[in-house]
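**Q** One structure, pasted below without further comment.
The values are calculated or read from the model by the stated rules, or taken from the named source; none is laboratory data. As the structure is a computational prediction, the values presented were derived from the model and not from experiment. Neighbour counts are summed over all protein chains in view; Cβ atoms, including those assigned to glycine, are modelled from backbone coordinates with ideal geometry. Ligands, DNA and RNA are excluded from the accessible area calculation, which covers all protein heavy atoms including side chains. Shrake-Rupley method; radii C 1.70, N 1.55, O 1.52, S 1.80 Å.
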Amino acid sequence: MDSTIDEAACRWHDALLRDGYCIIPDLVGEDAVAALSADLDPVFERTPLSEGLFYGNATRRFHGLLARTPHAAAFVGHPLILAIARAVLTECDAIQLNLTQAVELMPGAPMQPPHRDEEMWPLRTPGVEYLINVMWPFVPYTAGNGATLVWPGSHRREPEPSEAPVAAKMRPGTALLFLGSTLHGGGANRSPYPRRGMIVSYSLGWLKPYELPWLAYPPAVARTFSREIAALAGYRAHRPNLGTWEGRCPSFLLGCASVQPPGACDTLRPEQEAAIRAFMDMQQGPVRQEPR
Ligand SMILES: O=C(O)CCC(=O)C(=O)O
Ligand SMILES: [Fe+2]
């Protein structure tokens with residue numbers, strides 16, 4: 001990897017693990033955000049209001065953004081973001097895309113209930129991070145229009161009731177990163193304008209993702225992605241043999257559509273292969289006599 005990206009990833013990784021969140025300024029140009037956001041405008045217009053206590057019915061949300069605009073790939077595959085995500089999410093063979101979600105808070109939307117995004121998964125290993133979230137604003141986020149609220153340090157402890165959250169004020173091009181273990185929520189939108197943005201999250205590769213990538217991006221769609229984006233979006237087996245199709249790494253489906261699947265083929269880590277080989281070598285040694 002580029003050593004400048006490596007060094008920057010290291011710094012942001014440290015900040016994230018210290019505070020539970022960080023705001024990275026000017027990660028992409030405002031024009032790139034404007035192009036992405038313009039592609040999504042018509043989708044916002046036709047998306048009905050959300051339902052449910054968590055989403056809140058003064059919000060609009062839709063998913064599968066890689067299939068909705070070609071501009072999404074540069075955000076999902078941003079090299080610094082991926083380097084930070086990989087530095088944080090170490091307890092897996094490879095990270096995966098957990099979700100892409102466009103979100104609009106309507107004027108008058110109340111504050112979202114504070115939560116930790118990792119709460120969807122029922123078991124936790126202390127000290128192991130499961131998820132990292134990236135909030136990309138499409139409009140300036142302010143304390144008045146519902147900027148995401150984050151409780152600093154809440155990835156390590158329960159905040160006191162008196163502790164106020166930080167409002168992630170930022171302009172388009174800047175991104176808020178926070179851990180799945182960090183307490184946060186959308187703020188109340190007290191402005192007369194909608195607050196629009198996009199959440200892109202990454203998780204340990206062996207977890208069930210919030211958004212099923214193979215439904216959001218069937219093979220005919222994933223074939224148009226770069227190999228890296230396709231791998232993030234489910235077209236990569238997690239060694240050993242997890243998330244396969246016909247016993248094969250699903251990247252097989254990215255090739256020619258009409259090819260018949262060959263037989264199953266293991267996807268193993270080198271140390272697993274070595275352990276199996278050692279077992280086989282032992283089997284070939286002198287046959288042990290059972291006592292009579
Ligand atoms: O809209 C926001 O600022 C945060 C949304 C969020 O945390 C969620 O929907 O899980
Ligand atoms: Fe959240």
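**Q** Would you mind classifying the stretch 196-292 by shape? Square roots of the alpha carbon gyration tensor eigenvalues, ordered a ≥ b ≥ c; an a/c under 1.5 is rounded, otherwise it is prolate if a/b is larger than b/c and oblate if not. Working shown, then result.
**A** Working: a/c = 3.66, a/b = 2.18, b/c = 1.68.
It comes out prolate by the Cα gyration axes.
**Q** Any idea which of HIS155, PRO194, THR267 is furthest toward the positive side of the dipole for the stretch 142-292, if Lys and Arg beta-carbons carry +1 and Asp and Glu beta-carbons -1?
**A** PRO194
**Q** Taking the Cβ-Cβ separation of TRP121 and ASP41 as r and a Förster radius of 35 Å, what is the calculated FRET efficiency to the nearest 0.05?
**A** Efficiency, rounded to the nearest 0.05: 0.55.
**Q** Calculate, for the chain, the solvent-accessible area per residue in square angstrom, rolling a 1.4 angstrom probe over the heavy atoms of the protein chains. Walk me through the intermediate numbers first.
**A** Values: 15010 Å² over 292 residues.
Using a 1.4 Å probe on heavy atoms only, each residue of the chain averages 51 Å².
**Q** Between ARG277 and GLU158, what is the label-to-label distance in nm when each label sits 7 Å out along the Cα-to-Cβ direction?
**A** Label-label distance for ARG277 and GLU158, simple model: 5.2 nm.
**Q** May I pose another question? Around MET198, which amide H atoms from residues at least 5 apart in sequence, or from another chain, sit under 5 Å from its own amide H, with H modelled in the peptide plane?
**A** VAL103, TRP136, PHE138
**Q** Points 7 angstrom from Cα along the Cβ direction at ASP6 and ARG223: gap in nanometres?
**A** The modelled label-to-label distance comes out at 3.8 nm.
**Q** Per 0.36 nm of contour for each residue apart, how much would the distance between LEU242 and LYS208 grow if the chain were fully extended, relative to their Cα-Cα spacing? Don't skip to the end; give the middle numbers.
**A** Details: separation 34, 0.36 × 34 = 12.24 nm, distance 1.11 nm.
Taking 0.36 nm per residue and subtracting the Cα distance, the gain is 11.1 nm.
**Q** Subtract the Cα-Cα distance of THR90 and ALA15 from 0.36 nm times their separation in residues, and report this length gain in nm to one decimal. Don't skip to the end; give the middle numbers.
**A** Details: separation 75, 0.36 × 75 = 27.00 nm, distance 1.64 nm.
So the extension gain works out to 25.4 nm.
**Q** So, in Å, what gap is there between the alpha-carbon centers of the stretch 54-131 and the stretch 133-209?
**A** Going from one Cα centre to the other spans 10 Å.
**Q** Indicate the helices, whole DSSP H runs only, in the chain that combine a mean Kyte-Doolittle hydropathy of 0.0 or more with a Cα extent along their long axis of 15 angstrom or more.
**A** 30-46
**Q** May I pose another question? Hey, what number do you get for the chain at 222 nm if only DSSP H runs of n ≥ 4 count, each worth -39500 (n - 2.57), divided across all residues, to the nearest 500? Please list the in-between numbers first.
**A** On the way: 8 runs with 77 residues, N = 292.
Computed mean residue ellipticity for the chain: -7500 deg cm²/dmol.
**Q** Of ARG60, ARG190, ARG269, which has the largest mean-square fluctuation in a 10 Å C-alpha GNM of the chain?
**A** It is ARG269.
**Q** So what's the gap between the Cα centers of the stretch 218-266 and the stretch 1-30, to the nearest angstrom?
**A** Value for the Cα centre distance between the two parts: 31 Å.
**Q** Go through the stretch 129-141 residue by residue and turn each phi into a ³J(HN,Hα) via Karplus (6.51, -1.76, 1.60, θ = phi - 60°); whole Hz please, and just put x for glycine and proline.
**A** 8, 9, 8, 10, 10, 10, 9, 9, x, 9, 10, x, 8
**Q** Whole-Hz Karplus ³J(HN,Hα) for the stretch 111-123, in order, using 6.51 cos²θ - 1.76 cosθ + 1.60 and θ = phi - 60°, x for Gly and Pro?
**A** 4, 6, x, x, 7, 10, 5, 6, 5, 5, 9, x, 10
**Q** So which residue, out of PHE225, PHE252, PHE54, gets the largest mean-square fluctuation from a GNM of the chain using Cα contacts under 10 Å as springs?
**A** PHE54
**Q** Counting only GluC sites (Glu not before Pro) that sit in a DSSP loop (anything but H, G, I, E, B) with at most 16 other Cβ atoms within 10 Å, what is the longest stretch of the chain containing none of them?
**A** On the way: sites that count: GLU51, GLU91, GLU163, GLU246.
My reading of the result: 164-245 is the longest stretch.
**Q** Probe radius 1.4 Å, ligands and nucleic acids ignored: give me the carbon and sulfur share of the accessible area of the chain as a rounded percent. Could the numbers behind the result be given before it?
**A** On the way: 8650 of 15010 Å².
Exposed carbon and sulfur together represent 58 percent of the surface.
**Q** Quick one: what Rg and Dmax do you get for the chain from the alpha carbons, in Å?
**A** Answer for the chain, Rg first and Dmax second: 21.8, 87 Å.
**Q** Would you be so kind as to identify which of TRP12, VAL43, VAL88 lies farthest towards the positive end of the dipole of the stretch 3-211, taking Lys and Arg as +1 and Asp and Glu as -1 on Cβ and the Cα centre as origin?
**A** Checked the options; the winner is VAL43.
**Q** With θ taken as phi - 60° and the coefficients 6.51, -1.76 and 1.60, list the Karplus ³J(HN,Hα) couplings across the stretch 198-212 in order, rounded to whole Hz; mark glycine and proline as x.
**A** Computed from phi, the couplings for the stretch 198-212 are 9, 9, 10, 10, 10, 9, 3, x, 9, 7, 6, x, 4, 10, 6 Hz.
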